[in-house]
């Protein structure tokens, strides 16, 4: 700053200077607000003085910034007359500064000059800052709303493109209130401007947080206050909704506070009573609350943010989100179904383009749910739909990531449980050593990169809920994970019903299911805190929680911007894992049952399970060592071989039948002899791992003639061991083929036996 700083009288320059100086000195506190190095140039006719100050500022700022922004700061806005510009060189900066100074010190070109002296702005000044090539900007009214749009001036210049709005009260934004108070600025008479630069690492996909670079660049006076985004009709000041447009109140229900207990009491009352003529009054709240969502879900007569309604009053929704107790007003309730196609498209995108940071769209969901969209209603409905599809995906992601702890924290883990976790996705990233990943981010990224069918989402959620039902210890998994996962199932069920029949009734049910699911996710120790800030939901459900925190504001904008970019995308190829979850869900959970029905010995085993290679994980926590039945599993192979040895896998047929599967041998009380030619044939089959249809008959002949016969012949004992190893390593397909071949022979034998009995009967 130069020595003439005290002469400054331009409001916006003065305020920005005070903020910059105060924060640098530690006198003002706003840790989330980043300021830019700001230099002021006083107006002067002295060319030498101009050049000196221009050179000094360029040297100080250009050292770390290749572009500088020269901003005119008049006492009164002069759009089109005093244009601020970007300077890329010292010469460019000189040209710009001289142009602005000459204009401000010159005659007012207007036919009716603003000032008596006739000059344009001789008491103004110029400020110079590093230029920020912003991707988004925001205009903030400290007590009413935030509006964001593209580039440096998407809001102020009225540029086309996405505009995102948040309503707030400033009630809980103590930091901003104190800062403005310390600066002696009336929050109702000021507008703040912020700019933001998105970075590649701030992608809403593959990201655990959004942290865009943001700066406050202006504090602009608003002499006449803030213009509301959705102003109420004249004489109306109470927000809320009336379901049918008008209501004569027959019952008043007071919502005492915004806590969970009160929410539960409210939900019970809504569920158990006819509330079509009930006015639910919730003073000092908003239509974004979960309480409002519940009232909407159960088609309550009215939800009113006031304590004034009384029985006998007639209330009307005179405009979207505004109510009054004057029946002469023409009711104009918000109609959700007018924008149902936008909402439906959003649901599809949310289901098929899951991105972790879409949780920042909670505010838009509640704008739509509460019938109070702030700006583009179609986009608001669309973003509400994206959030609807996002939520079950997000629940599924966290649940899947938590299941990685099952091997250490779930006491009753079975081989089928561990195996199912590993085969849900073909592209699940594995760590070195063929072990499934211990990094939760792997699972979140997998869900982002591998969209699955809606039925697969439902099936996967149901299977994970079953996993969390029992056996967990410590702070892992357990009932809270089950509760949140179950809410995901209910949302998917509602999506399915709505998709088949998109009626108002089904839409209301779906919005209610999402509101319920979001509430339990929000309050169950914040279920999604592994990859998104709880603040995303805080500012979504209560506008009192919205604060002027640039990181949060722009997180909403960038999430919305990304979602809108996919609005016209084709549905990607969806992976289907319903065969896995259906298989895993239908089998008995008792270890003894699985012990008698080893996973990899089942003929109905989905092919996905055959790609497992980390077999040691299948028996972690398995005290009884329930066998998996996999031929290469070193953990259960001894037990399986013992079982094979004793029972020969039950591939027995009736040996007493006179079939062509026996050989002429000599049998005494305890010894069975085998000729060398037969022994060599079977030995070669078993030791060389021959698996072919042409040898199946020989294998069964060996079984029934030698291996299933009680004998003390050492050669046959040795052959049994070779057979056990051969069968344990047999391909799954061949094992099934051999089983079917044996069953066919058994059926044939039984047929011959019945035929013989019939013949004997006839002869008798």
Flag if residue 615 is within 24 Å of residue 411 (Cβ to Cβ), crowded, with 23+ Cβ neighbours inside 10 Å and touching a residue at least 12 places away in the same chain (Cβ under 8 Å): no
Counted residues, region 112-152 - those being in contact (Cβ under 8 Å) with a residue 12 or more places away in the chain and in a loop (DSSP other than H, G, I, E, B): 16
Residue among 166, 192 that is in contact with a helix residue (DSSP H, G or I) (Cβ under 8 Å, 6 or more places away or on another chain) and not in a loop (DSSP other than H, G, I, E, B): 166
Residue in region 309-316 that is over 15 Å from residue 371 (Cβ atoms) and either buried (at least 21 other Cβ atoms within 10 Å of the Cβ) or within 31 Å of the chain's Cα centre (by Cα) (or both) present: yes
Qualifying residue in region 15-29 (condition: closer than 23 Å to residue 99 by Cβ and at pLDDT below 95): yes
Output for region 295-331, where each listed residue is touching a strand residue (DSSP E or B) at 6+ places or on another chain (Cβ under 9 Å) and closer than 20 Å to residue 268 by Cα: 295, 296, 300, 301, 302, 303, 304
Any hit, region 266-275, residues being outside the structural domain of residue 509 (by TED's automatic domain parsing), surrounded by 14 or more Cβ atoms within 10 Å (Cβ to Cβ), part of a strand (DSSP E or B) and under 31 Å from the mean Cα position of the chain (by Cα): no
Qualifying positions in region 340-380 - part of a helix (DSSP H, G or I) and in contact with a strand residue (DSSP E or B) (Cβ under 7 Å, 6 or more places away or on another chain): 363
Test: residue in region 249-264 that is more than 30 Å from residue 24 (Cβ to Cβ), touching a strand residue (DSSP E or B) at 6+ places or on another chain (Cβ under 8 Å) and modelled with pLDDT under 90: no
Number of the exception - residue 436 against (1) modelled with pLDDT under 95; (2) closer than 20 Å to residue 414 by Cβ; (3) within 20 Å of the chain's Cα centre (by Cα): (3)
Test: residue in region 523-536 that is in contact (Cβ under 8 Å) with a residue 24 or more places away in the chain, crowded, with 17+ Cβ neighbours inside 10 Å and touching a strand residue (DSSP E or B) at 6+ places or on another chain (Cβ under 6 Å): no
Boolean, residue 94 is at pLDDT 95 or above and on the phi < 0 side of the Ramachandran plot: yes
Tally of residues being assigned to a loop (DSSP other than H, G, I, E, B) and either more than 20 Å from residue 221 (Cβ to Cβ) or not assigned by TED's automatic domain parsing to the domain that holds residue 59 (or both) across region 14-38: 7
Qualifying helices (runs of 4 or more DSSP H) (wholly inside region 515-586; at least 1 residues being closer than 23 Å to residue 163 by Cα): 535-541, 550-565
Single residue of region 171-189 satisfying the filter (free of Cβ contacts under 8 Å to residues at least 40 places away in the same chain and outside any helix (DSSP H, G or I)) that is nearest to residue 538 (Cα to Cα): 186
Test: residue in region 491-513 that is at pLDDT below 95 and part of a loop (DSSP other than H, G, I, E, B): no
Some residue of region 466-480 being under 16 Å from the mean Cα position of the chain (by Cα) and part of a helix (DSSP H, G or I): no
Answer residue from region 572-600, given it is more than 19 Å from residue 447 (Cβ to Cβ) and crowded, with 19+ Cβ neighbours inside 10 Å and is modelled with the highest pLDDT among those: 583
Selected residue [over 28 Å from residue 599 (Cα atoms) and in contact with a helix residue (DSSP H, G or I) (Cβ under 7 Å, 6 or more places away or on another chain)] from 703, 681, 719, 707: 681
Count of region 327-339 residues which are surrounded by fewer than 14 Cβ atoms within 10 Å (Cβ to Cβ) and in a loop (DSSP other than H, G, I, E, B): 3
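The values are calculated or read from the model by the stated rules, or taken from the named source; none is laboratory data. None of these values were measured; they are calculated from a predicted model. In this analysis, Cβ positions are derived from the backbone assuming ideal geometry, glycine residues included, and neighbour counts consider all displayed protein chains.
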